Every structure is written in C-alpha cells, then in structure tokens.
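The values are calculated or read from the model by the stated rules, or taken from the named source; none is laboratory data. Please read these numbers as outputs of a predicted model, since none were measured by experiment. As a convention, Cβ positions derive from the backbone with ideal geometry for all residues, glycine included, and neighbour counts pool all protein chains shown. Each accessible area value is taken on the protein alone, full model and side chains, heavy atoms only, with ligands, DNA and RNA left out. Shrake-Rupley method; radii C 1.70, N 1.55, O 1.52, S 1.80 Å.
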Amino acid sequence: MIPAGHSDASVAATNPFTSEDVFAILGERGWLVGEPSLEQRGWCERAASMLGGHVADSAAMAELLGLIFQYDAREIISRVESHVVLSRYAARGVLRQVALLLLDGTALTSDRFKEIVTTLKEGMELRGRELFHPIRLALAGRAGEGELDRVILLLDEAASLSFAVPVKTARERILEFCSALD
C-alpha cells in the first residue's frame with residue numbers, strides 16, 4: 001500500500017516516463033491499437049505517473065504493465081513462488097476476506113483499497129508480507145513490494161476502457177484466483 005506520508009512530487013522528479021512511453025509499450029504489445037481515446041490517454045498518464053518512478057527502464061515498465069493486461073490465475077498458482085506465499089500463515093484467510101470485500105463490485109480505488117487493508121489489519125491482526133503478499137499475488141499476479149499496489153490501483157479503471165485486450169477487474173481476478181485454488 002502507498003505509505004500515508006507519500007508524495008507523488010518526489011516520484012515525479014525522478015520519473016522519466018510519460019504517457020507517450022506507456023502508449024508505445026501498449027502498442028508494441030498489442031494492448032492498444034490505433035489512436036488512444038481521451039480516457040485511455042488519461043489512464044496512460046496515470047500509469048506513467050504511478051509506475052514510472054518505480055522502474056529502472058522500459059523493460060521493467062512493460063513488465064508492470066503486463067501484470068495489468070495479462071492475467072491467468074491457474075498459471076500464477078502453478079509457480080513455485082506462489083506456493084511459498086500461499087503456504088504462509090493466514091494467506092488463504094486473507095484471500096477469502098479480500099474476495100468477500102470485493103464481491104460488492106465497487107471499483108477498487110485508492111480509498112477503497114486503503115479501506116480493505118484497514119479492515120484486514122483490524123480483523124485479522126496481520127501486517128507486512130502475511131497481509132500484502134497474498135493480496136498482491138491474487139490481484140497483480142505476483143508477490144512483491146509496493147509497486148504492485150500501484151498496479152492493483154490501475155486495474156479497475158483499465159478494465160472500464162476499451163483496450164485491445166480486455167483487462168480483468170480486481171473483483172474478477174480475486175474470484176478467478178480463489179476458484180483456481182479449489
């Protein structure tokens with residue numbers, strides 16, 4: 001989750017990526033065909049702003065964008081590193097709670113994500129990787145650090161836009177993930 005005192009101003013100063021860079025990556029991968037709509041332009045600007053300060057180069061940016069546009073729960077669960085996360089204390093409980101919280105279909109915004117994390121922290125008394133790694137694995141496709149929270153925050157808006165490849169919402173991803181577990 002993005003730290004409470006975090007300022008995007010510090011990221012912007014070190015962020016070499018623009019929406020044009022995101023357009024180029026999406027076009028190269030076939031995720032965006034033709035001229036982007038005004039809404040797609042806005043999303044690409046947010047993606048560049050949110051992700052750009054957390055990657056070293058275009059390949060790393062493309063990798064994070066790939067987490068948005070490519071999602072297959074069965075493939076994710078088949079990885080050894082996924083089993084490590086899922087075998088940790090309370091991992092499946094975290095996933096069940098996230099699924100229940102996302103069932104209402106409310107778009108996953110930054111505020112909604114903070115609300116979900118707060119609910120889980122209070123209800124399950126978990127912190128750190130025991131809480132965040134299962135969420136990141138199920139919604140972003142891999143466990144890791146805070147840049148994956150930013151990927152998660154881009155999902156629902158991307159899903160509402162007409163990209164060449166449909167993007168699965170956070171709700172769709174958690175349901176697919178939980179179904180693949182069984």
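Structure notes:
- Contour minus Cα-Cα distance for ARG79 and ARG96 (0.36 nm per residue): 4.1 nm
- Nearest-0.05 FRET efficiency for GLU35 and ASP104, computed from C-beta distance (R0 35 Å): 0.50
- Extents of region 67-156, largest first, come to 31, 30, 23 Å (Cα atoms, principal axes, whole angstrom).
- Cβ-Cβ FRET estimate between GLU20 and SER160, R0 fixed at 22 Å, reported to 0.05: 0.50
- In terms of overall dimensions, the C-alpha atoms belonging to the chain reach 44, 35, 31 Å along their principal axes, ordered largest to smallest.
- Accessible surface of LEU175 - all protein chains present, 1.4 Å probe, nearest 10 Å²: 60 Å²
- Solvent-accessible area of GLU35, all protein chains in place: 140 Å² (probe radius 1.4 Å, heavy atoms, ligands and nucleic acids excluded).
- Residue-wise HN-Hα coupling along region 163-178, computed from phi with Karplus coefficients 6.51, -1.76, 1.60 (Hz; x: Gly, Pro): 7, 5, 10, x, 9, 7, 5, 4, 4, 4, 5, 5, 5, 5, 5, 5
- Rounded to the nearest 10 degrees, the angle from helix 58-69 to the longest Cα principal axis of the chain is 60 degrees.
- Largest GNM mean-square fluctuation among ASP57, ASP149, ASP21, using the chain with Cα springs under 10 Å: ASP57.
- Most mobile listed residue (LEU148, LEU137, LEU126) in the chain, GNM with C-alpha springs under 10 Å: LEU126
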